[in-house]
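Just so it is clear, none of the values below were taken in a lab; they were calculated from the coordinates. Computed from a predicted model, the values in this text were never measured in an experiment. Here the Cβ positions follow ideal geometry from the backbone for every residue, glycine too, while neighbour counts run over all protein chains shown.
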Amino acid sequence: MKTRIRRSTLASLVAATMGALLGAAIQAQTVSAPGPGPAPVYQTGAASRDGIGKFYYHREIAHIMGFEGAAWLERPDRQSEERTDLLVNALHLAPGMNVADVGAGSGYLSKLIAPLIAPGQLFAVDVQPQMVELLRGLASQPGTRNIVPTLGSVDSVNVRKNSIDLAVMVDTYHELSQPHEMVQSIVSALKSGGRLVLVEYRGEDPNVPIKPLHKMTVAQVRLEMKTFPLVLERTDEQLPIQHILVFRKL
């Protein structure tokens, strides 16, 4: 014998079911909304000769190059080795842009970019106070006075939110001790539609004469960027030994 359900009870069940379905739909929309996901767990292990014993997506983070290496950044043959002129052209710079050179070091790239974006500002960011002192000297020179020397931290670029059109890291990302937090800070500083450009020595090529931990593959970079509201706009392979990866903020 079938049990009858009164109309009032049936109406309550229908309302409850519709409410549950609506709640699930809202939750699904929230989950699929773009935005940085939770930070992957960093792992620790035995440090290799060139690493810090900390791993991110199974990649050991490399030792940072100290300020003692500033002279190497300014070596006379860097232009011919790396074709920094091609890199600057690939950044699609324009007057009035605000740019962050993250891991600016001695300011080698900053001094190439700054004149091309004036009256925009070039935030030259480094975590080493000694490097920032070098950047202050550069910012006092004619033609590069739109450089803003900025002392960052291991997890922040120290640049205000939604203020920059472009952030560029040249041979820097693989040395970040807090890569997730730092990229999160950069994404926050970028305007909507702003670009993050990573330049890294080609990890796929054993003939690139750089220590393995100081090189990265395109696949590894893409893996590590996947939790952020970024889309890979293009990869550029015109440089002799480095990748250019251009991500755009959604």
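What residues from segment 200-216 fall in the zone where the backbone N is under 11 Å from a label point 7 Å along the Cα-to-C-beta line of Trp72? Flagged as within label range: 210-211, 214.
Counting charges near Asp165 (Lys, Arg +1; Asp, Glu -1) among other residues having Cβ under 12 Å from its Cβ returns a value of +4. Applied to segment 50-58, the Karplus parametrisation 6.51 cos²θ - 1.76 cosθ + 1.60 on θ = phi - 60° returns per-residue 3J(HN,Hα) values of 10, x, 9, x, 10, 10, 9, 6, 6 Hz, with x for Gly and Pro. Counting 0.36 nm for each residue step from Ala219 to His92 and taking away their Cα separation leaves a gain of 43.3 nm.
For the listed peptides 90-103, 224-237, a ranking on the average number of other beta carbons within 10 Å per residue, highest first, reads 90-103, 224-237.
Most simply put, segment 104-212 has about 10% antiparallel DSSP beta bridges, counting only bridges with both residues inside it. Excluding same-chain neighbours fewer than eight residues apart, the lysines reachable from Lys211 by a Cα-Cα span under 26 Å are Lys54, Lys226.
Excluding Arg202 itself, what net charge comes from residues whose Cβ is under 10 Å from its Cβ, given Lys and Arg +1 and Asp and Glu -1? Local net charge: -3. A DSSP coil position with no more than 10 other Cβ atoms inside 10 Å describes the following trypsin sites (Lys or Arg not before Pro) in segment 40-117: Arg49. With a ≥ b ≥ c the root eigenvalues of the C-alpha gyration tensor of segment 198-248, is it rounded (a/c under 1.5), prolate (a/b larger than b/c) or oblate? Judged from the Cα gyration tensor, segment 198-248 comes out oblate (a/c at least 1.5, b/c at or above a/b).
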